[in-house]
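The values are calculated or read from the model by the stated rules, or taken from the named source; none is laboratory data. All values derive from a computational prediction rather than experimental measurement. All Cβ positions, even for glycine, are placed from backbone atoms using ideal geometry, and neighbour counts span all protein chains on display. What goes into the accessible areas is simple: the full protein's heavy atoms, side chains included, and nothing from ligands, DNA or RNA. Shrake-Rupley method; radii C 1.70, N 1.55, O 1.52, S 1.80 Å.
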Amino acid sequence: MPDNKVTILIVDDEPAIRRFLRNTLAVQDYRVIEAENAEAAAWSVRHEKPDLIVLDLGLPDRDGLELIRDWRAALAVPIIVLSSRVDEKTKVAVLDAGADDYMSKPFGVDELMARIRTALRHRFTSQGTQPAFSTGQLEMDLVKRLVRVRGEDVKLSPKEYDILKELVIHAGKVLIHSHLLREVWGGETAVDVQYLRVYIRQIRQKIERDPERPEYIVTESGVGYRLQMHE
Amino acid sequence: MSETPPDAKTTPHSMTAPISLALGAAMAKPPKKFNQLAVAYSVSTLVVIASLIAGMAIKQWLAASNIMLVFLPSVLISAALYGFRPGLWASLLSAVAGTYFLSSPGDPFAVSDPANFWAIMIFTLVAAFASALAEQSRHQAATAEANARITDQMYAFSQKLAGIANADELILAALTQVHSMLQVDALILIPGQNNELDIRIALPPVDRLTFADRNAANWCVEHAKPSGGDLRVWPDATHLFVPLRTGQGVVGVLGVNRGNQGTYLTPEEYKLLDALANHAAVTVERAAFGAHVEEARLIRETEDFRNAMLSSLTHDFKTPLASILGTISSLRHYGSRYDAQTQDEMLGTAQEESERLNRYLGNLLDITRLDTGTLKPKSEIIDISDIVGAVLKRFQGWPEGVRIVTAITPDLPMVPLDFMLTEQALFNILDNALKYASYGNVVIRATSTASTCTIAIEDTGPGIPPEYLVRIFDRFYRVKSVDRQRAGTGLGLAVSKGFTEAMGGKLVASNRPKGGAVFSMTFPIARTAVQPMLSMVVNNPLEPLPTREPKAAASG
């Protein structure tokens, strides 16, 4: 790399979208490279080693979903998907394939920048599992198995703790229902999303100030949950 | 219908008359013509005369009492060829001729020997009986032949039905078969709303049934038995009705009518009618089933269209909006960090994308106008190069690295068109060409023949896969999945085609042999139009117009 700047690859076939993303990222001191199709994107990933990829699903030569699957096998680079496809099925497929985040077009750049920062931070921190985690007034000690909110200890059942731990490890990232069920309940069959909803509700009652307007565990409709990072 | 017909107790004429009954009856045979009769009797007479001559020739070798045997072949031949009566005529003639041999030499027609008299009598009886037998086997052969013909026709008929998919055509085919095989007027009634019988199809067309016919038809459906005609059930009815029965029950009624002669069918015809009714029943059932399938297909297609429309609308609206919202939010958050040039570039993006959104909305409104039929094209005499100029002006400042070149034939005739619609149609085609032809030239070529004028837009893009050449004009249709193409491409060509056709023209897509697509709009030239032969040459062919120089593209 020529300098220490974080490199972001923008993959989108719409020139107008590339233009504002390029400008927005450039003023925040990111190095920006662009690709207008899957072929150019694959080349850039191989030769320019981006730190993060912003990917549009509808590319003229290949579907973005296939690219995610290709890259996931070999790369640990965070991928944020931007798409005008709004159905939950696509969102789940994209996240399941290994994308870190999904944003529907149109979107405000402040939201995208926050997601980019989260994904990058996660990339740099997840390389060694951090023993302690905190965001806002939520603290978690993964070694001592302690959870504190607003300075007070919170008693969580083992399942509740496992769910929160999984969210914390992937803080800022959307975890789809099936991912949480797989990680927390393991091979147990016939565990329903309803279970998860019940546990999430219990955790929220213990850690959220107002469970109806959660600050930490936010719902991604029809897709999953995300631990919201507070800066 | 609860009313009882006058004579409901009587079982109607059996529809499956036994074969012997059929044989006894005259095979719906037309009365023999005089000519045929003359031939039959003449030939029979000649055969007997031939026998007579032969008998005279061999008389010396035969015993007198055996001479009658000479005549037996002639009788059998006549009966076998022409039936019982000519056979009988031959036997009588033979008997008379025989007397000539058996009479005493002096008196040619007086048979004196009683043995000879008895020989002639017995010969006549045997000959008459043989004639009857020959007649019967002749009749059997004819029946078998008729049956074979009917079987053939029925087979051809069922083959024909198998090839028809349309419900109306199916039922019509069944009815036509009844009409032609039985020589009757025929109609099919099917229970409609409230189980009232409706005339589904009639040959020749019939609007309504008489009161008696309607009652007879209703009775037929209700009891699943024939009525009307020459049956004793509803004898006032002009038609004979037979039920159309399938595994599902009675699906309708087949009515036949011989017009003024009254509907009397021979047992053979009843059999045929029964067979035809079976076919018609299956047909009606199949038609009803086909209608369901067709309905389901329509619903599915409408659904597909709606899905395509929704995803297209989503993509086409959201993509420019994403650029606009992204640009504006970026300027709002980080505006102070941008230099003047970047700020200008970003505002330019927001403007272009808003214009794109506006064009897309325009197309959507145009499609709606086409669909609702509120579009009324004007017919003004228009100079094609004028329209091309107007379109090129709209592409001024188009940020694409493509050159638009015009090649307009000198002396191009004026064409009666709607200026605005033609311009929009041309604009959309050009817009599409520019989206795909990301390098090279796009050529607008205008040519004419004696009766037509063609504007062709040729690009140097990847061309159109042959299987999509027609579908490319479907609204919301894209060659690839919705968001894999530039936004706003799903309607433009549909609008162009709709407008072109509304003005009486044609728009077709094809591929150029050297690569790239060509869209040709062809309009008829009105004969009466004033054709000013002024110089129409606005530009030299293939030389770029000043306005179409590509502006340096801001993007990469």
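Points to keep in mind about this one:
- Search result, residues across region B:215-242 that are over 19 Å from B:LEU203 (Cβ atoms) and within 31 Å of the chain's Cα centre (by Cα): B:VAL221
- Residue that is farthest from the other protein chains (Cβ to nearest Cβ) [pool: residues in region B:332-369 that are among the β-branched types (Val, Ile, Thr) and surrounded by 15 or more Cβ atoms within 10 Å (Cβ to Cβ)]: B:ILE367
- Taken as a whole, the structure places A:ARG69 among residues that are more than 12 Å from chain B (Cβ to nearest Cβ) and either open to solvent by 10 Å² or more (accessible area, probe 1.4 Å) or under 24 Å from B:THR314 (Cβ atoms) (or both).
- Within region A:85-97, the set of residues being touching a strand residue (DSSP E or B) at 6+ places or on another chain (Cβ under 7 Å) and either touching a residue at least 60 places away in the same chain (Cβ under 8 Å) or in a loop (DSSP other than H, G, I, E, B) (or both) comprises A:VAL86, A:LYS91, A:VAL92, A:LEU95, A:ASP96.
- The set of residues in region A:201-231 that are of a type in the set (Gly, Ala, Ser) and surrounded by fewer than 18 Cβ atoms within 10 Å (Cβ to Cβ) comprises A:SER221, A:GLY222.
- Applying the set (1) at pLDDT 90 or above; (2) surrounded by 14 or more Cβ atoms within 10 Å (Cβ to Cβ) to A:ASP153 leaves exactly one unmet item: (2).
- Count - residues of region B:193-217 that are under 17 Å from B:THR283 (Cα atoms) and out of contact with any helix residue (DSSP H, G or I) (no Cβ under 9 Å at 6 or more places or on another chain): 2
- Selection status of B:GLY397, at pLDDT below 85 and open to solvent by 10 Å² or more (accessible area, probe 1.4 Å): yes
- Residues in region B:219-249 that are hydrophobic (A, V, I, L, M, F, W, C) and assigned to a strand (DSSP E or B): B:LEU240, B:PHE241, B:VAL242, B:LEU244.
- Restricting attention to region B:109-158, the residues that are more than 42 Å from the chain's Cα centre (by Cα) and either part of a helix (DSSP H, G or I) or under 12 Å from B:GLY83 (Cα atoms) (or both) add up to 25.
- Of everything listed in (1) more than 14 Å from chain B (Cβ to nearest Cβ); (2) open to solvent by less than 10 Å² (accessible area, probe 1.4 Å); (3) of a type in the set (Phe, Trp, Tyr), the single unmet condition for A:TRP43 is (2).
- Region A:1-20, subset in contact with a strand residue (DSSP E or B) (Cβ under 7 Å, 6 or more places away or on another chain) and free of Cβ contacts under 8 Å to residues at least 40 places away in the same chain, residue most open to solvent (accessible area, probe 1.4 Å): A:LYS5
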